[in-house]
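First up is the structure itself, then whatever we jot down about it.
What follows is calculated from the coordinates using simple rules that are stated; it is not laboratory data. All values reported here derive from a predicted model rather than from experimental measurement. Every residue, glycine among them, receives a Cβ derived from its backbone with ideal geometry; neighbour counts consider all protein chains shown.
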There are 2 protein chains.
Amino acid sequence: MFSKTCEYAIRAVIFIASESYKDKRVGLKDIAVKIDSPEAFTAKILQVLVKNDIINSSKGPTGGFDIPKSAMTTIYLSQIVSAIDGDSVFNGCALGLKECSEIQPCPVHNSFKSIREDLKLMLCSTSLAELASGIKSGSTHLRL
Amino acid sequence: MFSKTCEYAIRAVIFIASESYKDKRVGLKDIAVKIDSPEAFTAKILQVLVKNDIINSSKGPTGGFDIPKSAMTTIYLSQIVSAIDGDSVFNGCALGLKECSEIQPCPVHNSFKSIREDLKLMLCSTSLAELASGIKSGSTHLRL
DNA sequence: ATATATTCGGATAAAAATATCCTATATTAA
DNA sequence: TTAATATAGGATATTTTTATCCGAATATAT
């Protein structure tokens, strides 16, 4: 579904959001531990997320990553996914064909249509705020 | 969604089915051309499909691959997918967590539930016969 | 029987994804 | 202003996925 990189990205963003909700900025080391990801690799991913304006970063002591509370309700899963994996999840042919559309469909095009629509809808309507609230309340988890 | 290997597998099986429908056995070379896949790599994939009883093979001149007509209605997309990609599509956590279930869900577990159910249902109910019929009629295609 | 055409299977190679290391740069606090 | 701590980013390494090569085994037709 998503690349491993994208899985890390989503988990990291949710964790950062859950801490930002408590007005806490979090460092790379902490993030890597809390989402169980390789630290250096996670750093690379976070850089991409910063460049895509999904998270903020600040250097130096007391530095780290955060997300403004106001942004949490306007950032959706879809943004994280397309920042990391591009739009193949949204547009790509399930059988890997370059030319696959309504007028020239692959054999599974129609079978996948509604599933892809549902997926798209879900990704575009699930906000960071929702996802982080589960972490806050302890009803969802990010590692193991 | 699927690995590239699995995309080739599905395309190959559909092509073999569409030819078997016309009582034609098809060789590796022909398959690779018709589904636009690397020949040697496709050979490896076909071996796995043979081992999983999804397609038949026969050696020697006039040899090649085929699928009994009777089998076409009992082989489903799900079988091809799990033979090549395993059952990660069916069971795997969207965020890559090892432990993710109803009692210990990841943040997107519930959002993905219905989508995954729909996907599973579709894969388990779409038969090879259906997929091959689109190729026969020319309404669907396997390359480009 | 022999030549030929085909799949089978092991070894290897290339490419892409994932992961690490190290130095530079910025920021804070003392 | 200096020491300490954090992210940034380039270079490199490892692992996984994708792809190729080649000889062996097998079956067919002549």
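Overview of results
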| read-out | value |
| --- | --- |
| Of all residues making up segment A:29-60, the number that are under 15 Å from A:R143 (Cα atoms), surrounded by 14 or more Cβ atoms within 10 Å (Cβ to Cβ) and not hydrophobic (A, V, I, L, M, F, W, C) | 5 |
| Only one of A:S125, A:S111, A:S88 that is of a type in the set (S, T, Y), surrounded by fewer than 18 Cβ atoms within 10 Å (Cβ to Cβ) and without any contact (Cβ under 8 Å) to a residue 24 or more places away in the chain | A:S88 |
| Residue that is nearest to the other protein chains (Cβ to nearest Cβ), among those in segment A:1-29 that are without any contact (Cβ under 8 Å) to a residue 24 or more places away in the chain and either part of a helix (DSSP H, G or I) or not charged (D, E, K, R) (or both) | A:E7 |
| Residues located in segment B:61-79, provided they are free of Cβ contacts under 8 Å to residues at least 12 places away in the same chain and either closer than 20 Å to B:R143 by Cβ or more than 10 Å from DNA strand C (Cβ to nearest atom) (or both) | B:S70 |
| In segment A:61-76, the residues that are more than 6 Å from DNA strand D (Cβ to nearest atom), surrounded by fewer than 19 Cβ atoms within 10 Å (Cβ to Cβ) and assigned to a loop (DSSP other than H, G, I, E, B) | A:T62, A:P68, A:T73, A:T74 |
| Residue list for segment B:31-60, filter: part of a loop (DSSP other than H, G, I, E, B), over 18 Å from A:G96 (Cα atoms) and more than 7 Å from DNA strand C (Cβ to nearest atom) | B:N52, B:D53, B:I54, B:I55 |
| Residue match in segment B:34-49 (condition: more than 9 Å from chain A (Cβ to nearest Cβ), within 16 Å of DNA strand D (Cβ to nearest atom) and farther than 17 Å from B:A12 by Cα) | no |
